Amino acid sequence: MTGRIFSGVQPTHGLHLGNYLGAIRNWVTLQDEYDCIYCIVDLHALTQMQDPEAMRANTREVAAALLAAGIDPARSILFVQSNVQAHTELCWFFNCVTPMGWLNRMTQFKEKAGKNRENAPVGLFDYPVLQAADILAYKATHVPVGEDQKQHLELSRDIAGAFNRKFADGFFPLPEPLILGEATRVMSLRDGTKKMSKSDPSDMSRLNLTDGPDAIALKLQKAKSDSIDGLSLDAEQRPEATNLLTIYAALAERPVADVAAAHAGTQFSSFKRQLADLAVERLGAMAAEMRRLLADPGQIDAVLADGAERARAVTEPIMDEVRERIGFLTPRCG
Ligand code: TRP
């Protein structure tokens, strides 16, 4: 093993192909090379208040998706953030070494708070400090991140540095971003210029990870096309053709240029049928497993409980040392 990975995902409803190809699939692959810790970040989700029943259901839904996709709880740790106290505790310690100015620069806060900053919850402002605590409570060395989280990871490195300088030279590693090849950007099936999104009112715009073969085939058959003969890559002029080729290439694990060249003369209708067959082959078993798990929440909860226990076992010695270095009197001091 070359290092320790930590990554987090919010408990949200309606995971789709974009989430799978953009992130989840990479998490699965990383298990072969790293010691991996994957966290469902419900404390982060609380910064945008959710209904309690939805919080519970969404937490299980994301766990089911990760397990069905191939996160292996025998090799990796999969757990829920709020089940491990170290996250909130280390967040507080980090709050005390992080200047407000660093957080004022975070673009995600500015976007999420919008114009009404005075009413934004403090937790939303503090979100990236909690993220630093997530990573460093495990002394993780690598964090797979998308473009939108680069600034937060940079801040995690700064916070680790600030804590180290004040209390513990070299104690926390500076976590490195892990950028995995070309991220697959999956666009809406109804509009090739918009990202595939759970918030699109049309369910026909996305392939949900729980969709069965009929839904997959129907959605691809009805996917928007254009009136040009054959398929080609042209993000500007032919966003829909480009999106379908991109999805095909990602599922087939082939370079998109090769797929495009092979289908330069294929009609949309025929290509969509081939894509549907491929999608059912690559995603069908995962969808079925996810539906099976969702019908058996007891199994999901047992996996998460075991994950939390193993996560605590990693954080406890680290947190003991952190408290001692800060100078807190602990029972261990004797
Ligand atoms: N903020 C991340 C996101 O929205 C989720 C997250 C929370 C995370 N803690 C993390 C990602 C730690 C990587 C490492 O995608």
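The values are calculated or read from the model by the stated rules, or taken from the named source; none is laboratory data. Just so you know, these numbers come straight off a predicted model, no measurement behind them. Here Cβ is always computed from backbone atoms with ideal geometry, including for glycine, and neighbour counts include all displayed protein chains.
Can you spot a residue in the range 121-142 that is within 16 Å of the ligand (Cβ to nearest atom), hydrophobic (A, V, I, L, M, F, W, C) and modelled with pLDDT under 95? No - not one qualifying residue is present in the range 121-142.
Matching residues to (1) surrounded by fewer than 16 Cβ atoms within 10 Å (Cβ to Cβ); (2) under 30 Å from Asp72 (Cα atoms); (3) among the polar types (S, T, N, Q):
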{"site": "Leu251", "(1), (2), (3)": "no, yes, no"}
{"site": "Val256", "(1), (2), (3)": "no, yes, no"}
{"site": "Gly265", "(1), (2), (3)": "yes, no, no"}
{"site": "Gly298", "(1), (2), (3)": "yes, yes, no"}
{"site": "Val303", "(1), (2), (3)": "no, yes, no"}
{"site": "Ala311", "(1), (2), (3)": "no, yes, no"}
{"site": "Thr315", "(1), (2), (3)": "no, yes, yes"}
{"site": "Met319", "(1), (2), (3)": "no, yes, no"}
{"site": "Leu329", "(1), (2), (3)": "yes, no, no"}
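Scanning the range 64-92 for residues that are in contact with a helix residue (DSSP H, G or I) (Cβ under 6 Å, 6 or more places away or on another chain) and either without any contact (Cβ under 8 Å) to a residue 40 or more places away in the chain or closer than 30 Å to Leu103 by Cα (or both) gives Ile77, Leu78, Phe79, Val80, Gln81, Ser82, Asn83, Val84, Ala86, His87, Leu90, Cys91.
Listed here are the residues, each with its yes/no results for (1) within 22 Å of the chain's Cα centre (by Cα); (2) farther than 23 Å from Ser82 by Cα.
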residue	(1), (2)
Arg291	yes, yes
Leu294	yes, no
Asp306	yes, no
Glu324	no, yes
Pro331	no, yes
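Here's the yes/no breakdown for (1) more than 10 Å from the ligand (Cβ to nearest atom); (2) buried (at least 21 other Cβ atoms within 10 Å of the Cβ):
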residue	(1), (2)
Gly3	yes, no
His13	yes, no
Thr29	yes, no
Val41	no, yes
Met49	yes, no
Thr59	yes, yes
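So, Leu180, is that one within 30 Å of Ala257 (Cβ to Cβ) and within 14 Å of the ligand (Cβ to nearest atom) or not? Judged against the criteria, Leu180 is a match. If you check Asp277, Asp306 for being of a type outside the set (Ser, Thr, Tyr), closer than 26 Å to Ala140 by Cβ and assigned to a helix (DSSP H, G or I), only one passes: Asp306.
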